[in-house]
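Novice: One structure, pasted below without further comment.
What follows is calculated from the coordinates using simple rules that are stated; it is not laboratory data. Predicted, not measured: the structure shown is a model, and the values here were computed from it. Neighbour counts run over all protein chains shown; Cβ positions are idealised from the backbone, glycine included.
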Amino acid sequence: MSSGGWRPPQGYPAARRDEEAGFVYPSPSKGDVRISEPYLWLEDPKGEETQEWVKKQVSLTSKFLEEKCDTRDAFRDTLKGLLNYPRVGVYSRHGDRYYFYRNSGLQNQSVLYRYNKPETYLGDHIEENTETILDANKMSEDGTVSVKHTVFSECGNYMAYSVAKSGSDWCEINVMDVKNEPTSLKDNLEWVRYSGLTWNNAGNSLLYSRYPAPKLSSGDGGDMTPGEEVDQSQNQRLYYHRLGTDQSEDVLIAEDPKNPHYMFSCAVSNDGERLLVHTSRDCNPEHLLSVSTNFKDFEAGKVDSVQLTPVVDDWIGSFSYLHSFGDFFLFMSNCKAEKYRILGIDVNDPAPEKWVEVIPEHSEDVLNSALYVKGALVCVYMHNAMERIEVFPLNEEWVNKKGKLEDSWDVELPGPGGISGLEGSHKHSEFFFSFLSFTDPGSIWRASAEDRSSTRVFATQLGKDAPDLDACGTRQIWYESADQTKVPMFVIGTKDNLEKCFDLPANDTKLPVQLYGYGGFNISLTPGFSVSRLIWITHLGGLVVVPNLRGGGEFGKGWHEAGQKEKKTKCF
């Protein structure tokens, strides 16, 4: 398969400009400002003109790919062959059993399995002693129904999962009894969007967020399916659902009619005594935090509603709940810490001057995620867009004093790369994670906070026709942006091509480059494996370049904000 030559298609369909379309924006500094929106007509997905324009676009693209792209079939066949290898997700322990997702190779959706022999250890022969728990491939004929989230109850007897159709943001929540033979329950929750799933500690109730049912009729009287509507979803509400009851009986926990764009999420403290409610106003991590004063009485049926008391009542940072020791709660926070830190807050006396800095902000590295397991805090740090794991033991002496943590140890990793799927619970000292890089398809690791060990329990193996990954490599280089800011980027290719580009004397080597950047939503581009990139590198002789643009989270809050709003030109 060779790269060949190609010319871009000609004759793109004209997009009509409506110079009269637009709206007036009430600017606080400039008064009413008219904003032109000449392509507003394209926002009507059911409009006759929109549909005709889309048909012409599809026709142009299809014709070009069929007639002009002579490597298309070879690329597809090669991609299909290389994708046909088993992939396994990070293990998680619920009750006495382990769960994991697995894709045999070319399945549209990965399948959730359970490993039923906890007395033996998981390993490369994980297919043995397992049973299927949830297979989304059987939920539709075309494979477009997907499982978005699976959340297990504290006891491990129940599993809630959300299902989406055809890539829609709208989900339905269902519940399964997995204590013995997996059995679906009658619980079904609709109009769920941008919601987490949270069990109470007793495992008999579920907390989730939903919106009012959207209007599913267009202006011309036609009907739309959920996900086709273009109106903004507003007035999200947090609800409490008791298993075995109808959704109409769910109890409202939180809403804010005066701020219809606010969204809600929650957590239940590990002792089951408190409900924590987070209120967000946009995609930024900063949120408000409230804690219930009567959650235990509410669950016992002594009161009809949950009373919430503000702990953080201004947009000063994010506060992600980790664990609690009585009224002393641990949070991962970016409040006065652009790279994040771990704070301890007494929720009965939450004045900021009384907060305890348990793990200070690192001088260079960003705290990407944190997890409490029995006896330790597991922290994933990012250094120059590559990740590492540092574990901070929480001994009995610290629990009594509740001060700054001093001791820590690093989990040994195979090399520079990325971490995903950190899993563990406060009941066990073990935790699992996945390691991968641009040239490593990934491995699953088990580590113990008790004996400080780490063991690889599964290694992904590509198919027999896969290229030699040892012949590929990665370089990280830094370039200077237009405003003299130094920005890192990864360059991935065969070692021979990397040598030609970086190590040999000046030459006229010219290689095709696939450039991918993001720079938005505080998302960091850490090393990850891609088969399609592998084909580009090994079959077509190209390089893949991944810059860590501002707008992402690679270097903390400042790096994120340096790519927002009027500074967006620094991203693209």
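Novice: So, counting K/R as plus one and D/E as minus one, what does the shell of residues with Cβ under 15 Å around residue 436 add up to?
Specialist: +2
Novice: I need the calculated FRET efficiency for the pair residue 52 and residue 475, taking r as the beta carbon distance and R₀ as 56 Å, to the nearest 0.05.
Specialist: The value I calculate is 0.70.
Novice: Something else: Need one number: nm distance between label points at residue 202 and residue 455, each 7 Å from Cα along Cα→Cβ, rounded to one decimal.
Specialist: Once both label points are built, they end up 3.9 nm from each other.
Novice: Let me ask something additional. What fraction, in whole percent, of alpha-carbon pairs in the stretch 469-570 exceed 15 Å separation?
Specialist: Cα-Cα pairs in the stretch 469-570 separated by more than 15 Å: 65 percent.
Novice: I've got another one for you. Using a basic spin-label model with each label point 7 Å from the Cα along Cα→Cβ, how many nm lie between residue 32 and residue 569?
Specialist: Going from the residue 32 label point to the residue 569 one covers 3.0 nm.
Novice: Still on this structure, please answer the following. If N is the number of residues in the stretch 415-484, what value comes out of its Cα radius of gyration divided by 2.2 N^0.38 Å?
Specialist: Here the Cα radius of gyration is 1.52 times the empirical estimate.
Novice: Ok, one more. Given charges of +1 on the Cβ of Lys and Arg and -1 on the Cβ of Asp and Glu, with all other atoms neutral, how large is the dipole of the stretch 321-444 about its Cα centre, in debye to the nearest 20?
Specialist: So the magnitude is around 240 debye.
Novice: Taking other Cβ within 10 Å of each residue's Cβ, how do 472, 501 sort, fewest first?
Specialist: By the 10 Å Cβ count, ascending, the order reads 501, 472.
Novice: Another question, if that's okay. Take the residue pairs 296/402; 464/486; 258/557; 336/567 and return only those whose Cα atoms are more than 30 Å apart.
Specialist: 464/486
Novice: May I ask what percent, to the nearest 5, of DSSP beta bridges between residues of the chain are antiparallel?
Specialist: Antiparallel bridges: around 95 percent, rounded to the nearest 5.
Novice: Note down the relative contact order for the chain as a percent, whole number, built from C-alpha pairs under 8 angstrom at least six residues apart.
Specialist: The value is 8 percent.
Novice: Then there is this: Among 497, 129, 437, flag the residue with its Cα farthest along the positive direction of the charge dipole of the chain, charges on Cβ as +1 for Lys/Arg and -1 for Asp/Glu.
Specialist: After comparing all options, I get 497.
Novice: If you place +1 on the Cβ of every Lys and Arg, -1 on the Cβ of every Asp and Glu, and leave all else neutral, what size is the dipole of the stretch 469-570 about its Cα centre, to the nearest 20 Debye?
Specialist: The calculated dipole for the stretch 469-570 is roughly 360 debye.
Novice: Counting other beta carbons within 10 Å of each Cβ, put 97, 72 in order, fewest first.
Specialist: 72, 97
Novice: If you average the alpha carbon positions of the stretch 388-445 and of the stretch 332-372, how far apart do those two centres end up, in angstrom?
Specialist: That distance is 17 Å.
Novice: Quick one: compute the contact order of the stretch 20-94, relative version, from alpha carbon pairs under 8 angstrom and 6+ residues apart, as a percent.
Specialist: With pairs under 8 Å counted, the relative contact order is 15 percent.
Novice: Give me the extension gain from residue 107 to residue 63: residue separation times 0.36 nm, minus the current Cα-Cα distance, reported in nm with one decimal.
Specialist: 13.0 nm
Novice: Which FRET efficiency value, to the nearest 0.05, do you get for residue 18 and residue 249 by plugging their Cβ-Cβ distance into 1/(1 + (r/R0)^6) with R0 = 60 Å?
Specialist: About 0.80, to the nearest 0.05.
Novice: Ratio of alpha-carbon Rg to the 2.2 N^0.38 Å globular estimate for the stretch 270-374, to two decimals, please.
Specialist: Here the Cα radius of gyration is 1.11 times the empirical estimate.
Novice: Further, regarding this structure: Given 0.36 nm per residue, what is the gain on full extension from residue 313 to residue 428 after removing their alpha carbon distance, in nm?
Specialist: Value of the extension gain: 38.0 nm.
Novice: At a threshold of 8 angstrom on Cα-Cα distance, excluding pairs fewer than six apart, so keeping six or more, what relative contact order does the stretch 469-570 reach in percent?
Specialist: 27 percent
Novice: Label points 7 Å out from Cα along the Cβ direction at residue 409 and residue 532: separation in nm?
Specialist: The modelled label-to-label distance comes out at 4.2 nm.
Novice: For the chain, count all C-alpha to C-alpha pairs, find those more than 41 Å apart, and express that count as a whole percent of the total.
Specialist: 31 percent
Novice: Taking residue 63 as the anchor, which aspartates and glutamates have their alpha carbon closer than 17 Å to its alpha carbon, excluding any fewer than eight residues away along the same chain?
Specialist: Partners within reach: 52, 73.
Novice: I'd like the FRET efficiency for residue 40 and residue 148, computed as 1/(1 + (r/R0)^6) with the beta carbon distance as r and R0 of 25 Å, rounded to 0.05.
Specialist: 0.20
Novice: Treating cross-link reach as a plain straight distance, find the lysines whose alpha-carbon is under 19 Å from the alpha-carbon of residue 179, omitting any fewer than eight places away in the same chain.
Specialist: Hits, sequence-local ones excluded: 117, 427.
Novice: If you average the alpha carbon positions of the stretch 124-181 and of the stretch 31-84, how far apart do those two centres end up, in angstrom?
Specialist: 32 Å
Novice: Could you put 409, 53 in order, starting from the residue whose Cβ has the fewest other Cβ atoms within 10 Å?
Specialist: Placing the least packed residue first, the sequence is 409, 53.
Novice: By the scheme Lys and Arg +1, Asp and Glu -1, what is the net charge of all other residues having a beta-carbon under 10 Å from that of residue 39?
Specialist: Every neighbour counted, the sum reads -1.
Novice: With a sphere of radius 15 Å drawn around the Cβ of residue 13, what net charge do the other residues whose Cβ falls strictly inside it have (Lys, Arg +1; Asp, Glu -1)?
Specialist: Neighbour charge sum, excluding residue 13 itself: +2.
Novice: In what sequence, highest mean first, do 130-139, 11-20 appear when ranked by Cβ atoms within 10 angstrom?
Specialist: Sorting 130-139, 11-20 by mean packing, highest first, produces 130-139, 11-20.
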